[in-house]
Structures are given as C-alpha cells and as structure tokens.
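**Student:** Take a look at the following structure, please.
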Amino acid sequence: MKRIGLLTSGGDAPGMNAAIRAVVRTAIYYGMEVRGIERGYAGLIEDNVIPMEMRSVSDIVQRGGTKLRTARCLEMMTKEGKAQAVKTLEKHGIEGLVVIGGDGSFRGAKSLTEEFGVPTIGIPGTIDNDLEYTDYTLGFDTAVNTCLDIINKLRDTMTSHERISVVEVMGRHCGDIALYSGIASGAEIIVVPEVKFDMDDIVMRINRSRASGKHSNIIVIAEGVMSAEEFTKELQKNTTHSVRPTCIGHVQRGGSPSMADRMLAAQFGNKAVRLLNEGVGNRVVGIRDNKIIDMDIFEAVSMKKTFNHELYETLQMISM
Ligand code: ATP
C-alpha cells in the first residue's frame with residue numbers, strides 16, 4: 001500500500017492527536033504517504049484532504065481535541081454520500097483508510113469496506129468506553145481523571161456545608177464514566193443506565209452514612225439516566241439534607257491526554273498502520289488483558305457492550 005488516509009469522526013476524545021501522530025509516523029516509517037481528511041466523513045465527502053508529513057504532527061502528542069477536527073455527518077449514511085466519499089479516496093489515490101472514532105464511525109468504515117471494498121482499520125477513540133471488544137477506548141482514562149479532579153473539589157465544599165452533591169457525567173447508554181469516576185473518587189452512590197435505581201435505597205444509604213459520622217455525600221449519575229438537576233429535585237423531596245446538582249459537561253472531552261491514553265494512542269496508531277502495511281484491512285484495534293489486539297470490524301460492531309456488575313458491587317461494598 002502506497003498511500004493511506006486518516007480521519008477522526010464522532011465525538012472528540014483526548015488522545016486522538018497522539019493517535020494521529022502515531023499513524024502518520026508509522027506510515028512514514030514504512031514508506032507510505034498519508035493524507036489527512038479533515039472533519040471526519042463530512043470532509044471525506046466534501047474533499048477536505050491535506051497531506052500529512054513528519055512535521056505535520058509535531059507538538060500534538062500532549063494536546064486534547066483533534067488536529068483533523070471531527071464532525072457528525074448524516075450524508076455518510078446515504079448511498080450517494082458513501083459513493084461521493086469513495087470518489088474522494090480514488091481521486092487522491094488513497095488505498096486504505098484509518099478511522100479514529102466510536103461505534104458509529106466504525107459503522108461508516110464497515111460500509112466502505114462492505115459496499116466498496118475499501119480496506120479500513122478502526123481505532124476506538126471515544127470517551128464513553130462503550131465498545132465491548134476492547135477493555136478501554138482512547139480518551140476514557142483522561143475523561144475519568146477530569147471527572148475525578150472536579151469531584152474532589154466538590155467533596156471539599158460539600159463536606160464543609162454537609163451537603164449532598166449530585167454530579168452528572170457523560171454516558172447516554174454506557175455507565176462506565178460514572179462507574180469508574182464513582183469508584184475512584186469514593187462516591188457513595190452511582191446511578192447508571194444499566195442498573196435500575198431505587199430512591200428509597202439511595203436515601204437509606206445516605207442516612208446510614210450520616211449516622212456513622214459522614215458529613216457529605218457524592219452521587220455520580222450518568223446523563224443517560226436523567227440530568228443532575230432532575231435527580232436533585234427528586235432526591236430533595238426525600239431528604240432534609242441540602243442537595244446540589246453539578247453537570248460536568250463538555251470539559252470531559254477536552255484536556256491533555258493522560259499517560260494511559262497516550263500509550264494507547266501510540267500502540268493503536270502503530271498497530272493500525274502495521275496491519276495496512278501487511279495488506280490486512282477491515283479490522284479494528286483494541287486492548288484486551290493488557291495486550292494490543294485486532295479484530296474483524298463486522299464482528300466488533302455487532303458485539304453488545306456489557307456492564308461490569310462486579311465493579312458496581314465493589315462500589316456498593318466499599319463506599320458507605
Ligand atoms: P461517539 O461514541 O463519541 O459518539 P461515534 O463514532 O459513535 O462517536 P456517531 O455520531 O455515532 O459517533 O458516528 C459518527 C459518524 O459516523 C456519523 O456522523 C456518520 O457520519 C457515521 N456513521 C454512523 N453510523 C453509520 C452507518 N450506519 N453507516 C455509515 N456511516 C455511519
């Protein structure tokens with residue numbers, strides 16, 4: 001393969017830039033040329049293609065966001081849109097495509113493979129950690145660390161005023177950000193889409209913690225369940241302690257990637273290009289049991305994300 005394309009798509013995630021760098025540098029190592037496609041599939045359809053050289057990716061390993069920018073693109077879901085995307089690839093002599101994004105972006109890559117025979121490699125770049133085939137997605141660790149920083153600060157003020165903090169984190173269908181940031185911050189309660197919550201049980205746990213000498217409580221809620229504002233209103237009807245909502249919001253998507261995310265980015269990007277260099281396409285890369293793996297893209301997108309109930313029970317046992 002002489003020339004490959006690279007795009008970032010869907011929601012941005014810290015570590016995408018580090019992955020872009022790893023893809024470009026590995027490709028150059030193998031003597032391949034790289035074309036960057038700006039604004040995800042929208043840029044592929046609209047022919048926003050730029051050359052990527054060794055120095056195009058200097059000084060970005062530590063930066064959040066994505067240098068190639070990203071977009072959501074409904075046109076990519078249409079026959080005409082996909083045909084136009086393929087025309088752009090042909091125009092630039094791009095023989096294989098690396099797609100950094102979440103499951104939606106992988107579906108786009110899969111359709112380019114399935115319907116047009118374009119070899120694609122997917123790199124899981126999403127803060128949600130909502131892909132079953134990989135233990136971690138790129139950006140998740142940094143996003144959770146951002147939540148921890150904010151929850152630590154909330155704990156200080158909640159304890160001073162003996163309040164309950166309801167903290168809303170991202171996760172429409174997947175509660176992993178809430179689960180990990182809840183456990184790692186010492187939150188007493190997490191509320192996730194995968195487990196039905198019981199307000200009486202939550203109030204009982206709060207009362208029990210107060211009776212044992214605790215002066216504050218943290219409840220981490222995933223956005224997919226309800227907003228922090230709504231949950232606060234419900235909870236306030238059931239407790240005399242004062243409850244305060246905080247929505248962490250888009251801060252979770254930004255910031256310098258953590259060591260863990262930079263390491264994933266380096267390995268995912270490198271592996272993706274190694275595969276293309278070996279003439280292998282239609283795969284996604286990931287990490288499982290601390291080993292970098294690759295898997296058929298069709299299989300990966302059909303797997304349903306499971307929730308780690310053991311970790312959820314761990315929180316129930318150690319946070320009180
Ligand atoms: P995140 O997990 O951060 O939301 P994502 O990659 O899942 O990232 P989506 O908005 O679901 O984000 O998808 C990104 C883009 O991928 C869409 O805007 C669309 O262009 C393309 N895409 C999604 N699903 C399909 C599909 N079934 N066929 C073709 N393209 C698709």
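The values are calculated or read from the model by the stated rules, or taken from the named source; none is laboratory data. Since the structure is predicted, the reported quantities are computational estimates derived from the model, not experimental observations. Positions of Cβ are generated from backbone atoms using ideal geometry, with glycine treated the same way; all protein chains shown enter the neighbour counts. Accessible surface is based on the protein model in full, side chains and every heavy atom, while ligands, DNA and RNA are left aside. Shrake-Rupley method; radii C 1.70, N 1.55, O 1.52, S 1.80 Å.
**Student:** Of the residues that make up segment 25-43, is at least one hydroxyl-bearing (Ser, Thr, Tyr), within 12 Å of the ligand (Cβ to nearest atom) and open to solvent by 40 Å² or more (accessible area, probe 1.4 Å)? Reasoning before the result, please.
**Tutor:** Quick first cut of segment 25-43, residues hydroxyl-bearing (Ser, Thr, Tyr) only: 26, 29-30, 41.
Now narrow it down to the ones that are within 12 Å of the ligand (Cβ to nearest atom): 41.
Filter again for open to solvent by 40 Å² or more (accessible area, probe 1.4 Å), leaving none.
Within segment 25-43, not a single residue is hydroxyl-bearing (Ser, Thr, Tyr), within 12 Å of the ligand (Cβ to nearest atom) and open to solvent by 40 Å² or more (accessible area, probe 1.4 Å).
**Student:** Within segment 72-94, can one find any residue that is within 12 Å of the ligand (Cβ to nearest atom), in the same structural domain as Ser111 (by TED's automatic domain parsing) and at pLDDT below 95?
**Tutor:** Yes, segment 72-94 has at least one match.
**Student:** Which residues, taken from segment 24-71, are in a strand (DSSP E or B) and either at pLDDT below 95 or of a type in the set (Val, Ile, Thr) (or both)?
**Tutor:** Val34, Ile37, Val49, Ile50
**Student:** Okay, moving on. Output the residue which, of all residues in segment 97-146 that are more than 10 Å from the ligand (Cβ to nearest atom) and among the polar types (S, T, N, Q), is most open to solvent (accessible area, probe 1.4 Å).
**Tutor:** Here the residue is Asn145.
**Student:** Would you mind finding the one in Ser181, Ser165 that is modelled with pLDDT of 95 or more, in a strand (DSSP E or B), closer than 30 Å to Ala13 by Cα and open to solvent by less than 40 Å² (accessible area, probe 1.4 Å)? Break it down stepwise before answering.
**Tutor:** Details: Ser181 fails: in a strand (DSSP E or B).
That would be Ser165, the only listed residue that is modelled with pLDDT of 95 or more, in a strand (DSSP E or B), closer than 30 Å to Ala13 by Cα and open to solvent by less than 40 Å² (accessible area, probe 1.4 Å).
**Student:** Still on this structure: Take the residues of segment 44-66 that are more than 16 Å from the ligand (Cβ to nearest atom) and under 24 Å from the mean Cα position of the chain (by Cα): which is surrounded by the most Cβ atoms within 10 Å (Cβ to Cβ)?
**Tutor:** Residues of segment 44-66 more than 16 Å from the ligand (Cβ to nearest atom): 49-63.
Add one more test, that the residue is under 24 Å from the mean Cα position of the chain (by Cα), and what stays is 57-63.
Details: Val57: 22, Ser58: 9, Asp59: 10, Ile60: 17, Val61: 18, Gln62: 11, Arg63: 18.
Within segment 44-66, the match that is surrounded by the most Cβ atoms within 10 Å (Cβ to Cβ) is Val57.
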